[in-house]
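What follows draws every value from the coordinates through simple rules; no lab data is involved. This is a predicted model, so every value here is computed, not measured. Glycine also receives a Cβ, built like all others from the backbone with ideal geometry; neighbour counts cover every protein chain displayed.
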Amino acid sequence: MVKRLIALALLAVFGAVFATLLLGYTPDSELNLTARYYAERTAAELGAANIVTAIVVTYRGLDTLGEVTVLFLAAAIVGLVLANSRPGQARERAPVGELLTTGTRFLVPMILLLGVYVFVNGHLTPGGGFQGGAIIASAVLLMLLANPLRHFSHNLIAAIESLAGLFYVTLGLAGLFLAGGFLDNRILPLGNLGELISAGAIPVIYSLIGLKVGAEFSSMLASLAETEEL
Amino acid sequence: MSHLLPWLTALLCFTMVVAALVAIRGKSTPIAILAAGLVSLVASVLFLILASPDVAMTEAAIGSGLTTFLFFFVLGRVRRGDHG
């Protein structure tokens, strides 16, 4: 009873806080200082049509490197924990069904293509490396759902992941020497705004991030699938 | 269209709350997983209405796609473990 009362009181407090926030909200009539800086300068300075991508990959590129590192650590720890558990022995499994098998064959190539499209066009359209990588990993997960015994080469996944990370940091360091600073995208020509090959190193860096994120998610899923007993 | 938008947003928020309640209170696990995925899907539509397509894509890909699939994957695994 007391517990319930406390919970209700807590809910009421939260409700009051959010209600005051909502009632006191007035939309800004113009962009604030930071937003105006990015909105006015991105196209001219970096040549990227998608301002969010320009911020994520270049202006705040170091934060993105940190995010990718966090994801890498998570994938590495999942692999480490699951490597110590017993590998699954082959036992008979329930058939997964015609619909899932056929649907997987039809959908997986399209999902992979969409993932690649999303990260290659990160500087032009919404989305980018993280979204594209997650889409690629969902294709891998669909393959695992359709055939749980399917084996993915961990060496290949690890090679893609490490090479992408290595090239990412190398491009960042190249920016330090050839352009304005770490992860500066102007080491390559900026090109025309809105074209696929434009915005300097942004498409290259975002593609590398996409491959890295996709490989990390896929390695986590493959480790989960291969472990039978925890 | 613009005068309909607040109502559409309110409807989506209501759907989100109902789906969240179904996910928590529902008896059937698969339906709870689908309801949790629906919460993410509606959230991504709301992000789109709030003019942030990048966040909407992340929410749709990870929250609604990958997590839902992963829950089903683990559910299948747990059920197999029960039998043998």
query: Tally Lys/Arg at +1 and Asp/Glu at -1 over every other residue whose Cβ is under 13 Å from the Cβ of A:I160; what's the total?
result: -1
query: When Cβ neighbours within 10 Å are restricted to other protein chains, what is their mean count per residue of peptide B:45-55?
result: 2
message: What's the magnitude of the charge dipole for the protein assembly as shown around its Cα centre, counting Lys and Arg as +1 and Asp and Glu as -1 at the beta-carbon? Answer in Debye, nearest 20.
response: 940
statement: So, relative contact order of chain A in percent, Cα under 8 Å, 6 or more apart, is 28
message: Give me a comma-separated list of calculated 3J(HN,Hα) values for region A:216-226, in order, Karplus coefficients 6.51, -1.76, 1.60 applied at θ = phi - 60°, integers in Hz, x for any Gly or Pro.
response: 5, 4, 5, 5, 4, 5, 5, 4, 4, 6, 7
statement: For the pair A:F177 and A:Y25, the simple spin-label estimate (label points 7 Å beyond Cα toward Cβ) gives in nm 4.9
message: Can you give me the convex hull volume of the Cα atoms of region A:2-226, divided per residue and expressed in Å³?
response: 215
- prompt: Rounded to the nearest 20 Debye, what is the dipole magnitude of region B:19-83 about its Cα centre when Lys and Arg each give +1 and Asp and Glu each give -1 at the C-beta?
  reply: 380
query: Pick from A:A215, A:A174, A:A19: which is most flexible by mean-square fluctuation in a GNM of chain A where alpha carbon atoms under 10 Å apart are linked?
result: A:A19
In region A:147-224, GluC sites (Glu not before Pro) in a DSSP loop with at most 14 other beta-carbon atoms within 10 Å: A:E195
Sum of side-chain charges, A:K212 neighbourhood, beta-carbon under 14 Å (Lys, Arg +1; Asp, Glu -1): -3
query: Based on the mean of other beta carbon atoms within 10 Å per residue, what is the order of B:6-14, B:64-72, most packed first?
result: B:64-72, B:6-14
